[in-house]
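What follows is a set of notes on a single structure, which appears directly below.
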Amino acid sequence: MIDTHCHLTHAKFAGDADDAIARALAAGVTACVTIGTGVDDGIRARKLALRHAGVVFATVGLDPFSSHAAGPAYDGAYEALAEILEEGGFVAVGEIGLDYHYDLDPRKVQAERFERQLELAARLDLPVVIHVRDAHDDMAAILKAHSRNRGVIHSFTGGPEDAERYLAIGWYLAFNGVVTFKNADEVREAARLVPLDRTLVETDSPYLAPSPKRGARCEPAFVGHTLRALATARGEDASVLESATTANARHLFRIDTR
Ligand SMILES: [Zn+2]
């Protein structure tokens with residue numbers, strides 16, 4: 001199994017990231033993609049990936065929260081982002097996207113900053129990890145217009161119609177612990193539509209621990225609960241889904257794992 005989205009540099013893993021990685025390996029997770037939110041966090045993620053070469057892989061992007069935090073210094077943050085991406089050591093640009101739930105910046109500003117990073121990813125030939133909340137219409141339209149980009153809609157919790165739109169333009173969908181929740185029938189319905197070769201799993205650690213760990217700090221070792229619930233929802237053998245999602249993650253991020 002590959003946990004395609006976790007935040008091992010989050011404060012909730014302070015002093016515990018190495019142990020969390022060891023627990024993940026013991027639980028059958030072969031690799032984790034740790035997401036850097038903002039330049040400083042990305043540099044920490046890259047360091048962690050270097051220390052766990054072949055097991056931890058890093059990404060970096062200016063997500064709606066770190067873009068907002070940068071404020072008037074956004075242009076400088078973007079330049080610093082481009083610089084560390086060009087140095088290397090990252091497997092994707094992200095997470096980046098649109099967040100209409102918090103709406104921290106005007107939507108036009110969110111879109112401009114997001115599209116600028118999509119163009120950067122295309123120029124560097126890197127896949128993209130997408131954060132989207134309450135913004136599927138605009139997101140699908142933007143991604144459709146940026147046909148050079150490829151990547152994953154992370155923590156997909158939309159319904160069947162949203163899933164169809166992303167699949168039609170060739171994007172991967174990653175499912176997290178929400179698929180284990182009792183009230184998530186719509187997400188499970190969407191999950192049944194996603195072809196095996198477009199499906200990924202993730203934890204979004206430290207957030208959204210799957211049932212039966214719900215309420216606990218989430219960590220990559222828990223991704224198996226999500227994978228098994230997803231397999232049940234899709235009427236598939238868990239081992240089939242495990243090999244497919246692992247192959248998909250290796251393919252999308254161009255990583256070599258055990
Ligand atoms: Zn995330």
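The values are calculated or read from the model by the stated rules, or taken from the named source; none is laboratory data. All values reported here derive from a predicted model rather than from experimental measurement. Cβ atoms come from the backbone with ideal geometry, glycine included; neighbour counts cover every protein chain shown. In case anyone asks, the SASA skips ligands and DNA or RNA and just uses the protein heavy atoms, side chains included. Shrake-Rupley method; radii C 1.70, N 1.55, O 1.52, S 1.80 Å.
Some points to look at:
- Calculated FRET efficiency for the pair LYS108/ALA27, C-beta based, R₀ 41 Å, to 0.05: 0.40
- Counting only lysines at least 8 places from LYS182 when in the same chain, those with an alpha carbon closer than 20 Å to its own are LYS213.
- Choice from SER211, SER155, SER243 with maximal GNM fluctuation in the chain (Cα, 10 Å cutoff): SER243
- Here region 153-256 is assigned +1 on the Cβ of each Lys and Arg and -1 on the Cβ of each Asp and Glu. Its dipole about the Cα centre then comes out at about 240 debye.
- Backbone amide hydrogens, once placed in the peptide plane, bring GLY94 within less than 5 Å of VAL60, GLY61, VAL129, excluding anything fewer than 5 places away on its chain.
- Based on the Kirkwood approach, the hydrodynamic radius assigned to the chain is 18.0 Å, with every pair of different Cα atoms included.
- Taken per residue, the accessible surface of region 54-210 reaches 41 Å², heavy atoms only and a 1.4 Å probe.
- On the basis of the beta-carbon distance and an R0 of 22 Å, GLU164 and ALA247 show a calculated FRET efficiency of 0.45.
- Share of carbon and sulfur in the accessible area of the chain stands at 51%, probe radius 1.4 Å.
- For region 54-201, the Cβ-based charge dipole about the Cα centre amounts to some 380 debye (Lys, Arg positive; Asp, Glu negative; other atoms uncharged).
- Toward the positive end of the charge dipole of the chain, with +1 on the Cβ of Lys and Arg and -1 on the Cβ of Asp and Glu, the farthest Cα among SER243, ALA111, SER67 is that of SER243.
- Rg/Rh for region 66-156 (Cα atoms only, Rh after Kirkwood) is 0.94.
- As a length-normalised measure over Cα pairs under 8 Å and 6 or more apart, the relative contact order of region 158-206 settles at 50 percent.
- Each Lys and Arg contributes +1 and each Asp and Glu -1, all at the Cβ; summed about the Cα centre of the chain, the dipole is approximately 600 debye.
- Charge sum, other residues only, whose C-beta stays under 15 Å from VAL91's C-beta, Lys/Arg counted +1 and Asp/Glu -1: -2
- GNM result for the chain, Cα springs below 10 Å: residue of PRO127, PRO212, PRO220 fluctuating most strongly: PRO212
- The chain, relative contact order [Cα under 8 Å, separation at least 6], %: 20
- Straight-distance crosslink candidates among lysines, where the alpha carbon sits under 23 Å from LYS108 and sequence neighbours closer than 8 are dropped: LYS144
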